[in-house]
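*Asks:* Can you keep this structure in mind? I'll have questions shortly.
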Amino acid sequence: MKKPLALAALLCCLNVAAQEAKPLAEDPVVEQRLVNIATELRCLVCQNESLAGSQADLAKDLRREVRDLIKEGKTDTEVKDFLVSRYGDFVLYRPQVKPQTYLLWAGPFILLLVGIGALVAYLRKRERQVADTPLSEEERQRAEALLKENQS
Amino acid sequence: MNKFLLPLGIFIVLVALLAVGLNLNPREVPSPLIGKPAPDFSVPRLHAADQSFSPKEMLGKVWLFNVWASWCVSCREEHPLLVEFGKTGTVPIVGLNYKDKREDGQRWLARFGDPYLLSAYDADGRVGINYGVYGVPETYLIDKQGVIRFKQIGPITPEVLQNKIIPLAQELNK
């Protein structure tokens, strides 16, 4: 009867010792994933900070929530969807590709194409103008005279 | 003449875009919860720790769900308006005491008036997260089917109450 008790006491002490030695981050894998996800998310209280870097109360709560979701075995996408469904697309620093954001993603390329188009049109127009400028009779005679002068 | 017209036009458009953009309030993030069912929860009541509250109890009624805290300065600013509005009995108001100490919340209501049918007690802010709360006070108008129809971020102003909440509540109550 005494032996199990002693063993229990010993285990208990061991447990205490182990807890004291626990690192700050409970589970490094979970913490690493938390940081990875949280740097992609916006803190809504201080809008130019990421969720990972913010010390706002809400950010702490949301990190706790994300940590719990990770521990439940949710994927990164599921965690982000959880927050988007509550706080909207605004929490994402990297907007999702979907019909509402097509213009956002394609916009710069559309502008680039428009720019190239305008440049090409301008160059063609200039070329045509140069080619289409005929010499007047007077100018032709002068040019001929100059050329002759050179030959002799 | 034409040479200057085009850059001038572009400049005016740019100024107009900036004028609109700079006058938007970046804190007003459109809530994805509008038109969605109000998230369910069950938490103790502020004044009766042994009793719980769930939004399901309010099904069949149009009601206002107001998130508040005793530490929240804007809540104090908003509170007299809610007390007045509560007296009109247009819609029941349920409070959510958010991340507060129980005694502080109770004392606050005793001091400034209690417009709430009851206040739910969200000690760790989990209910708040499910409702997308990021700046207290926030207020939700929920219809008879339990769908969120309107959300006010920050204190309710008399204008918002008169022009948005009351007309919408009356329409939903028909």
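The values are calculated or read from the model by the stated rules, or taken from the named source; none is laboratory data. Values in this document were obtained by computation on a predicted structure and should not be read as measured data. Cβ sites come from the backbone with ideal geometry, for glycine too, and all protein chains shown count toward neighbours.
*Asks:* Take B:Ala120 and tell me if it is on the phi < 0 side of the Ramachandran plot and either assigned to a helix (DSSP H, G or I) or in contact with a Cys (Cβ under 8 Å, 6 or more places away or on another chain) (or both).
*Replies:* No; evaluated as a whole, the condition is false for this residue.
*Asks:* So which residues in the stretch B:20-71 are in contact with a Gly (Cβ under 7 Å, 6 or more places away or on another chain) and of a type in the set (S, T, N, Q), if there are any at all?
*Replies:* If the condition is that a residue be in contact with a Gly (Cβ under 7 Å, 6 or more places away or on another chain) and of a type in the set (S, T, N, Q), then B:Ser31, B:Asn66, B:Ser70 are the ones that fit.
*Asks:* Every residue in the stretch A:72-96 that is in contact with a helix residue (DSSP H, G or I) (Cβ under 6 Å, 6 or more places away or on another chain) and either basic (Lys, Arg) or more than 11 Å from chain B (Cβ to nearest Cβ) (or both), please.
*Replies:* Selection gives A:Asp76, A:Val79, A:Pro95.
*Asks:* Let me ask something else about it. Looking at A:Val66, A:Val97 in this structure, which one is under 25 Å from B:Ile34 (Cα atoms), buried (at least 16 other Cβ atoms within 10 Å of the Cβ) and hydrophobic (A, V, I, L, M, F, W, C)?
*Replies:* A:Val66
*Asks:* Among helices (runs of 4 or more DSSP H) lying entirely in the stretch B:1-114, which contain 1 or more residues that are over 27 Å from B:Asp143 (Cβ atoms) and within 14 Å of chain A (Cβ to nearest Cβ)?
*Replies:* Qualifying helices (runs of 4 or more DSSP H): B:2-23.
*Asks:* In this structure, is B:Gly60 surrounded by fewer than 12 Cβ atoms within 10 Å (Cβ to Cβ), in contact (Cβ under 8 Å) with a residue 40 or more places away in the chain and over 16 Å from the mean Cα position of the chain (by Cα)?
*Replies:* yes
*Asks:* Could you give every pair whose Cβ atoms fall below 8 Å, whose first residue belongs to the stretch B:155-174 and is in a helix (DSSP H, G or I), and whose second residue is at pLDDT below 90 and surrounded by 11 or more Cβ atoms within 10 Å (Cβ to Cβ), counting only separations of at least 6 or pairs across chains?
*Replies:* Pairs found: B:Ile166/B:Thr90; B:Ala169/B:Thr90; B:Gln170/B:Thr90.
*Asks:* Let me ask another. Tell me which residues, restricted to the stretch A:25-47, are surrounded by 15 or more Cβ atoms within 10 Å (Cβ to Cβ) and not in a helix (DSSP H, G or I).
*Replies:* Matches in the stretch A:25-47: A:Glu40, A:Leu41, A:Arg42, A:Cys43, A:Leu44, A:Val45.
*Asks:* What number of residues within the stretch B:114-140 satisfy the criterion of being surrounded by fewer than 23 Cβ atoms within 10 Å (Cβ to Cβ) and acidic (Asp, Glu)?
*Replies:* So the count comes out to 2.
*Asks:* While we're on this one: Between a residue in the stretch A:120-132 that is at pLDDT below 90 and any residue that is surrounded by 10 or more Cβ atoms within 10 Å (Cβ to Cβ) and polar (S, T, N, Q), which pairs come within a Cβ distance under 7 Å, given they are 6 or more apart or on different chains?
*Replies:* none
*Asks:* A further question follows. Taking the stretch A:76-131 as the search range and keeping residues that are outside any loop (DSSP other than H, G, I, E, B) and of a type in the set (S, T, N, Q), which one is farthest from the chain's Cα centre (by Cα)?
*Replies:* If we take residues in the stretch A:76-131 being outside any loop (DSSP other than H, G, I, E, B) and of a type in the set (S, T, N, Q), then A:Gln129 is farthest from the chain's Cα centre (by Cα).
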